[in-house]
Amino acid sequence: MEEEGSLVQPLTTTCNPNPLFQFDLTSLSSAQALLLNPSTSIDTIHSTVDSLLLSLPHLSTNATSLSLALSVLAQSAPLHPSLSQSIVSSVRSLINGQDRTSSAVLSALLSIATSCHNEDGSSILTSILDEDLVLSLASSGVYKIRSRILRLLVFVVGRWKCSGKFLTDEVMVRVFLRFTGDIYPVLRRDAIDGLCEFLTVARDGVDFCVPECCLEHAIGLIGDDDEFVRVAAVRMVGLCGEMLGEKENGVDKIGQMDTIFTQICSMARDMSVKVRIEAFNALGKVKLVSDAVLMQSLSKKILGSKNGGKSIIKLDKASKPCAAGAYIHGIEDEFYVVRKSACRSLGIHAVMSIKFADDSINYLMDLMNDDSESVRLEALDSLFRMTAQGCLNVQEKHMHMFLGLLTDMSSLVRHGARKILQLMKLPKLEIFKSTVNELIANLEKYPEEEEGIFFSLFSLGKNHREFSLNVAKDLAKQIKRTSKGDLTFAKPSMAATLVVCIASPLSENENVPDTPVVLFSYAVPLLGRISRALQGTFDQHFLLTFLLDHSNIKWKSQDLMPEIASKGISEDLMQSVIKFISKSVGDAWSLIKGSNGNDAEKFLRSCMKELEIISLNASQAAITTLDFFSKYIQILQLISKIQCKFDSRNSTTFHIKSHHILLEKLDSALRKIRYSFTGWTKEVECHILELSLLVDVFTFSLARIPSNEHLKNLLSKISHLEAISCLSDFTKEIKRLIEERSSVMVNLHSLLKVFECSGLEFVREMKPIKAELKVVGDDSENPLTFVPGLPAGIRLWITLHNTSSTDRLWLHMSVRGRRPQYVFLDLSNFEGSEEVRKCSSLIPFYKTPKIASFEIRVCIVIECLSEHYEVLKERDGPKYDVTELSVEKLVYFSSVKSR
Amino acid sequence: MAIQCLILGAGQEVGKSCVVAMIGGKKIMFDCGMHMGFSDHRAFPDFSLLSSNDISCVVITHFHLDHIGALPYFTEVCGYNGPIYMTYPTKALAPLMLEDYRKILVDRRGLEEQYTYENIIHCMNKVIPIDIKQTIQVDKDLQIRAYYAGHVLGAAMIYAQVGEEKMLYTGDYNMTPDRHLGAAQIDRLSLDLLITESTYATTVRDSKYSREREFLKAVHTCVAAGGKVLIPTFALGRAQELCILLDDYWERMNINVPIYFSAGLTIQANMYYKMLIGWTSQKIKDSYTVRNPFDFKHVCPFERSMINLPGPCVLFATPGMISGGFSLEVFKQWAPSDKNLIAIPGYCVAGTIGHKLMSGKPTRIDLDKDTLIDVRCQIHQLTFSPHTDSKGIMDLVEFLSPKHVILVHGEKPKMAALKQRIESELGIQCEYPANNETVLVPTTQSLKISASKTFVRNCTTELDGDERIAEGILVMEKGHNAKIVSEEEFLETIGAERNVVSFTGWMSPLAQ
């Protein structure tokens, strides 16, 4: 504060009204420093400003010091808005002084006004300026004064509505118009900007003669030598055109608009890029232009009177040829910004005139070959608007270029093209087919866009009833021709074509009787994918009901009906979907049997995908079922792989090892499915058992000499099966072979042939057996501590679902490269019922290694009691095979010493 | 004052462009070309009409032979010793063109050469390179400046000014940009004279997009069906333009068919384009920051052994018009298959195979008495031209609004039509002189006049509203600057007194 005081001191002494006093630069700069420093106290600021203001009248003789003092004040005003009013009232008297003083005052005023909030700024100016003052300043011979008063006016006009006015509208416009003839280009430009601002702000309030008058001046200025003046003038012509188009003034509007349009067109060939951009922007604003002039802008040649050239001739001589080819020049421009702007206004006019639309489509389609992506997107946007307005008449010659966009590099362009296709009317069946094919190519190349592509296909089918019916019939024929095993509909192309076919029956209930029934049933397994694509258009439930209604699949409607109201996918609905999927999975068997390994795998993969999509919306209960199916499909995938290997082993080298690995995988997958669920029906249990029999058969045929143990195992399974239900052909056959002691391997093929997969029915009561593990107080950042060599405790939260008291559960803990440690989980220690059991316990890990840190993998496993007995090497571990029930967790340990 | 224009070549014809303009007492030669249609004395402009020492400077607009072909002859044989100006790319490419032509003339046709290789080198050494929009002070009075003209790499329009007299010589130019060159670019200059080319004085060309679309469709369909595409072009210009077009398309559509450049073409020509990026179009300049667009992604060099390899491909081969050399060799192999496509860009001279293919589809071509070529392939004709059309000429004339226009580099009847249009539509006087004619173009001259203080004072006091009218007397004395003075001052200087004559008239009210 002391320092502040000492700085203020010389200033306050200078307040002495001594006429001989000279304000020196040092004290001015100290004042400036004080005012700009954010930590200066309010009092100091006030006294500094006061002393500056007091000294102003004495400085009037010294213009340099005065303007410096004013600029210091102006700089400080934005930082201290409270002072604005006092500064303004003090400088008022100076405004009519010397030229330099007035210009300094004006610039100070401008900076104060711009720093204020909207209304304050202009009200400050209102308080100080009046008409006479403005007029005298505006006609000053000094450039600086003119430029500053003009900038003040431009500032004020932007806030015209919310402030008291010190000029009438008319005077304001007149001042601006006068400035448009100024000798300085900057002032001309500012004046036009001011007028534009005025017109925009006072849009509806002005009389039509104002824009007309502005227009006249602007047209006079579009030939200006200065680039920026031309830019501003063109913008104003556009704006006036827009306003005059909206106003009713009784004049021959079309003629007037034509004149404006041609005037702007004449600027399309300007050498300045900025002018050209502005010109095309302005063209888009001028509406109600006659067709003849519009057509002329698309042709470089002067159109004859036959095409309506009459109205052009009516225009004055200078503007006659100007419109010629303006748009052609625009879309051929070197600069993409100009092309983009031309494209946009072309689209605007195309929507309004059908004749123009027919011609401009040629150019818009040609722009699809432009090298700039943003131009292509703009053209697509224009085309889209035209399509939406129904004025797009595509011709065959355009389609090559347009359909090429569906395989374009840019996803935005592809999306844009599809958006247009959704609304497009195609004239011919061939074009329709090639469009569908291109969309399929799009799908094959970019499968991630499936949703969008399906939706486009759907809309396409919906909009072209006859064509899609034609495609549907072809597809049905194709399906008929193919054998049952050849399930080509796993291919994306088939799915895509199905979407086209069901579109029109689905959306309008038309074509239903004509559409082949088989297509509906083929579409059912694709329900998930289709309904995702049609989100927002059709509810999934409705879709399924519709497909089922029209397919030849038998189903009970009451299963579905009560669920219609509920959101999400109900379990019943899920059941029906899964029923169909399971049915289709059954078909996959025929592929496996028919040694179509690759096809089967592809098909199973697509089933898997379908399940994943459905499970996104599924309820908790449904997820269990879906989980079961995904596990089941994994098994089928393995079987298919093994089957392939067995087939190929005669011809190529036989890798016995890889078979064993696959069989091992299959075995554990089967184990997993058997011990991860509870509440089987007899059929499912039999089916799973038969599958494990199948595994045994495979193992059997691998081992040259089957061991007795294997045989015993087989027989025990068969007897187990016998106990549950009557034997299937497959089991009977195995039994027979074993009894006859003939080689199973020889009969592998015949065995497979009798294997049936029809028993897989949905189980309503199926529940998952699973466990959740939570390690307390451990993560990789904060590991648990241990003393190497001594046991370490792990605090675990364990939750078990659907375990019975007879189950034997173990905690499996392993350190990489060492034998695992098992800890038996005594279910009596758990709380809760059979459905959910919970327990928190401290589990010891005995064999801590003698290293600084390590990690243990922990998971809960279940002993598979019905599996064949096998003594494990661990003395304290499970006696049977195990399968995991929980996700593996990592527990981190670090030695006490290393802490 | 006047600008005196002597048309030494390209008057009412296309070829040997050469205009000598005397402006403000300085003689400038614009272009110094040769006529490709003649091999006798008519090939060069008639230099005997001028004395080479009078010429202040020679300015060359671009490297085409009809604009530069006679330069070594003029400097080395006629003995011109003054400065020669041309843009950097023209200086780089001109010696190649000149030497190439000299070789063809001497080695192939066995004609006598007009200048030697040494002449070319010596001539090029005298050249002073200029940049676009760089103002060169040739001597105390004469200023020249180059403006971008499009047309070919390094083409320029030349602006010349002596004192208040200003003129522009356009050379060849293009008002629409293509894939690799921009459109002509010029400032608003208040010109006394504009000398413009008028190759397409009556043609109005349609949008280039449709031509590009047709071309791409034809090529794409051909390669998609496994065919081969041959595009015979000259090394510079069209080849790069089409290649950029195809390379972009290939990239966008993910096409994997190779595009080949026959060996000679790639290395040298593309190298120049890569170096001279500043002279190409905006698009190329923009993408240059990421990668050089002349490093084509899908283009690979071609070898003779690859002609008969299976599979589709696109090949750019020299020379254009299939007038011989490698493109003819490939044509022989590929023409008999109906899967293949020959795309001919641009104009073909009569007598070449290219011309035969364009003027109706022949089924067989007799190369010589032993060689017959079955032509079953498809033919696609491309009409791309680097010259502006009549609309472009009119636009330029309108934009510049000069006081006079002289048309050169065109055909007489078409020039007449264009002259008619310029005079009627734009109200600008226009001429199209023949070779060796001289045209005098009057120019306005402005004088610096000093004003006396009294006059200025009078002006400010006599203001009357918006109208600013001041009266004074202009005094021009020999050896003195012109001066404007007020009435009183004038009387004072000549020592005269003011006499006022007044008279009264009488008119009878009955007089009819």
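Read-outs: derived from the displayed coordinates by stated rules, not from any lab. Everything numeric here is computed off the predicted structure, so don't read it as measured data. Please note: Cβ atoms are built from the backbone with ideal geometry, for glycine as well, and neighbour counts cover all protein chains shown.
Put a plus charge on the Cβ of each Lys and Arg, a minus charge on the Cβ of each Asp and Glu, and nothing anywhere else: the dipole of the stretch B:1-135 about its Cα centre is then about 280 debye.
Near A:Ser606: Cβ cut-off under 13 Å, other residues only, Lys/Arg at +1 and Asp/Glu at -1. The net charge is -1. Straightening the chain between A:Ser750 and A:Trp797 buys 11.8 nm, computed as 0.36 nm per residue apart minus the Cα-Cα spacing. I need the shape label for the stretch A:661-740. Rule: rounded when a/c is under 1.5, else prolate if a/b > b/c, else oblate, with a, b, c from the alpha carbon gyration tensor. Oblate, because a/c is 1.5 or more while a/b does not exceed b/c. Other protein chain C-beta atoms within 10 Å of residue C-beta, averaged over B:206-215: 6. Projecting the Cα positions of A:Leu34, B:Phe490, A:Gln256 onto the charge dipole of the protein assembly as shown (unit charges on Cβ atoms of Lys, Arg, Asp and Glu, taken about the Cα centre) puts A:Gln256 furthest along the positive direction.
Amide H contacts for B:Gly9 (H built 1.01 Å from N in the peptide plane; partners 5 or more residues away or on another chain; cut-off under 5 Å): B:Cys18, B:Asn436. With viscosity 0.692 mPa s and temperature 37 °C, the Kirkwood radius over alpha carbon pairs of the protein assembly as shown converts through Stokes-Einstein to a diffusion coefficient of 80 µm²/s. Does the stretch B:63-122 classify as rounded, prolate or oblate by the C-alpha gyration tensor (a ≥ b ≥ c root eigenvalues; a/c under 1.5 gives rounded; else a/b over b/c gives prolate, otherwise oblate)? Oblate is the answer for the stretch B:63-122, as a/c is 1.5 or above yet b/c matches or exceeds a/b.
Counting Cβ atoms of other protein chains within 10 Å of each residue's Cβ and taking the mean over peptide B:247-257 gives 3.
Shape verdict for the stretch A:126-236, please, from the Cα gyration tensor: rounded (a/c under 1.5), prolate (a/b greater than b/c) or oblate. Oblate, since a/c reaches 1.5 and b/c is not below a/b. Kirkwood radius and radius of gyration were both taken over the C-alpha atoms of the stretch B:315-392, and their ratio Rg/Rh is 1.01.
Once the C-beta distance of B:Ala225 and B:Val349 is scaled by a Förster radius of 41 Å, the resulting FRET efficiency is 0.85 to the nearest 0.05.
Once you divide the Cα radius of gyration of chain B by 2.2 N^0.38 Å, the number left is 1.25. The stretch A:345-418 to the stretch B:105-121: how many Å between their Cα centroids? The stretch A:345-418 and the stretch B:105-121 have Cα centres spaced 55 Å from each other.
Using the Karplus relation 6.51 cos²θ - 1.76 cosθ + 1.60 with θ = phi - 60°, the per-residue 3J(HN,Hα) values for the stretch A:676-686 come to 9, 10, 9, x, 5, 8, 4, 4, 5, 4, 4 Hz, with x marking Gly and Pro. Legend: distances between Cα atoms for B:Lys140/B:Lys283; B:Lys103/B:Lys369; B:Lys27/B:Lys403; A:Lys355/B:Lys285; A:Lys285/A:Lys425; pairs beyond 31 Å are B:Lys140/B:Lys283; A:Lys355/B:Lys285. For the pair A:Asp549 and B:Tyr101, a Förster radius of 51 Å applied to the C-beta separation gives a FRET efficiency near 0.05, rounded to the nearest 0.05. Tally Lys and Arg at +1 and Asp and Glu at -1 over the other residues with C-beta under 10 Å from the C-beta of A:Val815: what net charge comes out? Net of charged neighbours comes to +4. Only aspartates and glutamates eight or more places from A:Lys879 in sequence, or on another chain, were considered; those with a Cα closer than 15 Å are A:Asp807, A:Glu863, A:Glu867, A:Glu870. For the stretch A:783-814 and the stretch A:21-64, compute the distance between their C-alpha centroids and round to whole Å. The stretch A:783-814 and the stretch A:21-64 have Cα centres spaced 80 Å from each other.
Legend: distances between Cα atoms for A:Lys774/A:Lys850; A:Lys428/B:Lys332; A:Lys274/B:Lys391; B:Lys217/B:Lys412; pairs beyond 29 Å are A:Lys428/B:Lys332; B:Lys217/B:Lys412. Neighbouring Cβ atoms from other chains, within 10 Å of the Cβ of residues in A:330-339, number 4 on average.
Among B:Cys300, A:Cys859, A:Cys839, the order by Cβ neighbours within 10 angstrom, fewest to most, reads B:Cys300, A:Cys839, A:Cys859. Taking the centroid of alpha carbons for each part, the stretch A:186-206 and the stretch A:82-105 are 26 Å apart. Distance between the modelled labels on A:Leu790 and A:Leu715, one decimal in nanometres: 5.7 nm (7 Å Cα→Cβ projection).
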